[in-house]
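Quick notes on the structure that follows.
The values are calculated or read from the model by the stated rules, or taken from the named source; none is laboratory data. Keep in mind it's a predicted model, so treat the numbers as computed, not measured. All Cβ positions, glycine included, derive from the backbone under ideal geometry; neighbour counts span all protein chains shown. Remember, those area values only see protein heavy atoms, side chains included, never the ligands or the DNA or RNA. Shrake-Rupley method; radii C 1.70, N 1.55, O 1.52, S 1.80 Å.
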Amino acid sequence: MRKNSRRVKVVEDKYRAGLVYRCVARAYVEGWYPEMDKHAFDEILLKGSIDEIEAYAKVKEIMCVTVALLRSILKKSNIHLVKDAFEVLMYSETPEYDLEETIIEIRLRNYSLADKISINHALISAAHDVWAAANSDWFFDEKKAGQRYLFMPYELIGVEQAFKFYLFVKELMALMELNASDEALVDAFYEARATFFEKNDILTREELIDYIMKADFNPLERDIVEKLRTDREIATEIADQIIDQI
């Protein structure tokens, strides 16, 4: 009965933004567009129209991908995330009730801090990859040339920017009781970056430039790949931007 009631509610509220989606959208705008009129955006959130919110905060696709990845991760522990979990997060006002069974399973599984950090980083990385694939126009916008390093692998973008992508998944992690402290996530990010440099034999600035020119990063659009592989000057600029984040 509970599941049937939930699905009826989701269908009825199909076009109105739910609690988790609104929280993610607000966090995204506050983190990425601090210059935006918060009062005006709050009015948009209050109306609850998905289409209107997406015009300012394109978070739906990233939420869809991160939920799918979370489902895959939980499945390895024999934890079932309901089929309509994405719809619950998009439209429900009571997600903690609608996902109660999964939350209880996660609680009983008693994930270690290391496990939680691993899950968080996997979802943050996925959020970053979706963003990189969908925003190639940023790369070629000269006004944003100083942010081209954001199109590099997640491990290279720096803690501050990594936490901006964390805004896409923080609410979900808290809801599912898989959240970790900011300090733990920061430490894990530094470890991931060190491992990345070691794995890819990057010890010097020149080796970093050479790595960038390989453009060996799946989410990149073809036009970005071609630019990186042929323009050492841009690769050098990106390397210096990465070094500035270290």
Based solely on its DSSP helices, what 222 nm [θ] is calculated for the chain when runs of n ≥ 4 H residues each add -39,500 (n - 2.57) and the sum is averaged over all residues, nearest 500 deg cm²/dmol? -20500 deg cm²/dmol
Taking the Cβ of Ser77 as the center, what net charge do the other residues with Cβ under 11 Å away carry, scoring Lys and Arg +1 and Asp and Glu -1? +1
Solvent-accessible ranking of His39, His128, His121, largest area first, probe 1.4 Å: His39, His121, His128
Rg/Rh (Cα only; Kirkwood hydrodynamic radius) as it applies to the stretch 22-155: 1.00
Taking Cα pairs closer than 8 Å and at least 6 residues apart, the relative contact order of the chain in percent is 21
Surrounding charge for Lys38, neighbours by C-beta under 12 angstrom, Lys/Arg +1, Asp/Glu -1, total -4
What list of ³J(HN,Hα) couplings, whole Hz, do you get for the stretch 88-97 from phi and the Karplus terms 6.51, -1.76, 1.60, once you set θ to phi - 60° and write x for glycine and proline? 4, 5, 7, 10, 7, 8, 10, x, 5, 7
Gap in Å between the Cα centre of the stretch 101-177 and the Cα centre of the stretch 42-74? 14
Once amide H atoms are placed 1.01 Å from N in the peptide plane, what residues at a sequence separation of 5 or more from Ser49, or on another chain, have their amide H within under 5 Å of its amide H? Ala17
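Expressed as a whole percentage, what fraction of the accessible surface of the stretch 88-246 belongs to carbon and sulfur atoms when a 1.4 Å probe is rolled over the protein heavy atoms?
Carbon and sulfur: 48 percent of the exposed surface of the stretch 88-246.
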In Å and on Cα atoms, what radius of gyration and Dmax does the stretch 129-246 show? 14.9, 46
Using a 1.4 Å probe on heavy atoms of the protein chains only, the accessible area for Asp216 in Å², nearest 10, reads 110
Using only the C-alpha atoms of the stretch 105-188, find the volume of their convex hull and express it per residue in Å³. 88
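Please express the shape of the stretch 146-214 as an equivalent ellipsoid: the semi-axes are the square roots of 5 times the eigenvalues of the C-alpha gyration tensor, given largest first in whole angstrom.
That gives 27, 14, 9 Å for the three semi-axes.
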For the stretch 205-246, report the convex hull volume of the alpha-carbon atoms normalised per residue, in Å³, without decimals. 66
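Compactness ratio of the stretch 21-77: Cα Rg over 2.2 N^0.38 Å, N = residue count?
1.33
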Could you tally the net charge around Arg232, taking each other residue with its Cβ under 13 Å from the Cβ of Arg232, Lys/Arg +1 and Asp/Glu -1? -2
Where does the stretch 90-136 land on the Kirkwood hydrodynamic radius, alpha-carbon pairs, in angstrom? 13.0
Would you mind getting the accessible area per residue of the chain, heavy atoms of the protein chains only, 1.4 Å probe, in Å²? 52
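For the chain, take N as its residue count and report Rg(C-alpha) divided by 2.2 N^0.38 Å.
Values: Rg = 19.3 Å, N = 246, 2.2 N^0.38 = 17.8 Å.
Dividing the Cα radius of gyration by 2.2 N^0.38 Å gives 1.09.
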